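*Asks:* Got a structure for you, written out below as structure tokens; questions coming shortly.
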Amino acid sequence: MKDYDRIAELVINLTEINIFENRRTQNLVDARALFDYIMYKVHTKTLESIAIYYESQGKSSDHSSIYYRLSKFKDLVRRRPEFMTWLNIIKNNTVGSEELLIIIDKIKNLKTAESKEQLNELLDKLNYKEKLYNTLISKT
């Protein structure tokens with residue numbers, strides 16, 4: 001659930017909307033669509049697991065609601081371009097599970113000084129992303 005919590009916190013901070021509030025205003029639906037899109041497309045979570053996360057946060061949801069919001073995401077971005085900016089900020093400042101597995105594999109295969117340099121570059125990027133994430137979170 002850590003991935004979910006981090007992304008939810010970023011979406012809430014950027015949009016200034018609590019996506020777990022049990023209402024259906026357009027702004028809430030838009031913010032949820034951003035969260036759903038990131039979790040489904042970027043972090044490859046299932047519709048059902050996203051719905052379960054909403055439920056764990058006190059927001060009733062099911063996979064069909066999430067699917068509907070995902071289907072409307074392109075329209076949302078056309079209507080509200082700031083959502084594309086926010087999507088890019090979040091995509092570029094979080095490390096997903098797949099990225100972590102790639103990093104771990106690279107670390108396991110270190111053999112030369114050049115490899116160690118590459119590792120240091122990766123760690124610098126992760127450190128930068130973490131600082132940027134903390135900056136975004138602290139703005140609230």
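*Asks:* From Thr25, Thr44, which residue is closer than 21 Å to Asn92 by Cβ and hydroxyl-bearing (Ser, Thr, Tyr)?
*Replies:* Thr44
*Asks:* Is there a residue in segment 6-14 that is of a type in the set (Gly, Ala, Ser), at pLDDT below 95, surrounded by 15 or more Cβ atoms within 10 Å (Cβ to Cβ) and under 20 Å from Lys129 (Cβ atoms)?
*Replies:* Checked against the condition, which is being of a type in the set (Gly, Ala, Ser), at pLDDT below 95, surrounded by 15 or more Cβ atoms within 10 Å (Cβ to Cβ) and under 20 Å from Lys129 (Cβ atoms), segment 6-14 yields at least one hit.
*Asks:* Which of the helices (runs of 4 or more DSSP H) contained wholly in segment 29-92 include at least 1 residues that are under 20 Å from Lys2 (Cα atoms)?
*Replies:* Ranges flagged: 47-56, 63-71, 82-92.
*Asks:* Among (1) without any contact (Cβ under 8 Å) to a residue 24 or more places away in the chain; (2) closer than 30 Å to Leu123 by Cβ; (3) not β-branched (Val, Ile, Thr), there is one condition Asn92 misses while meeting the rest; what is its number?
*Replies:* Asn92 satisfies all of (1) without any contact (Cβ under 8 Å) to a residue 24 or more places away in the chain; (2) closer than 30 Å to Leu123 by Cβ; (3) not β-branched (Val, Ile, Thr) except (1).
*Asks:* Name the single residue that is modelled with the highest pLDDT among those in segment 83-119 being within 22 Å of Leu14 (Cβ to Cβ) and exposed (fewer than 11 other Cβ atoms within 10 Å of the Cβ).
*Replies:* For segment 83-119, the residue satisfying everything is Asn88.
*Asks:* In addition: Scan segment 5-52 for residues that are under 12 Å from the mean Cα position of the chain (by Cα) and either charged (D, E, K, R) or assigned by TED's automatic domain parsing to the domain that holds Lys131 (or both) and report the count.
*Replies:* So the count comes out to 7.
*Asks:* Going residue by residue through segment 53-66, is there one that turns out to be in contact with a His (Cβ under 6 Å, 6 or more places away or on another chain), free of Cβ contacts under 8 Å to residues at least 24 places away in the same chain and not assigned by TED's automatic domain parsing to the domain that holds Tyr128?
*Replies:* Residues of segment 53-66 that are in contact with a His (Cβ under 6 Å, 6 or more places away or on another chain), as a first pass: none.
No, segment 53-66 has no match at all.
*Asks:* Of the conditions (1) more than 18 Å from the chain's Cα centre (by Cα); (2) within 21 Å of Leu132 (Cα to Cα), Met84 clears all except one; give me its number.
*Replies:* Of everything listed in (1) more than 18 Å from the chain's Cα centre (by Cα); (2) within 21 Å of Leu132 (Cα to Cα), Met84 misses just condition (1).
*Asks:* When the residues of segment 34-48 are filtered to those that are surrounded by 15 or more Cβ atoms within 10 Å (Cβ to Cβ) and not hydrophobic (A, V, I, L, M, F, W, C), which remaining residue is nearest to Ile19 (Cα to Cα)?
*Replies:* The residue in question is Asp36.
*Asks:* Glu48 versus (1) touching a Phe, Trp or Tyr at 6+ places or on another chain (Cβ under 9 Å); (2) modelled with pLDDT of 95 or more; (3) farther than 26 Å from Lys129 by Cα: which is the lone unmet condition?
*Replies:* It fails just one condition, (1).
The values are calculated or read from the model by the stated rules, or taken from the named source; none is laboratory data. Computed from a prediction, not measured in an experiment: that's the story for all the values here. Reconstructed Cβ throughout: ideal geometry from the backbone, glycine too, with neighbour counts over all protein chains shown.
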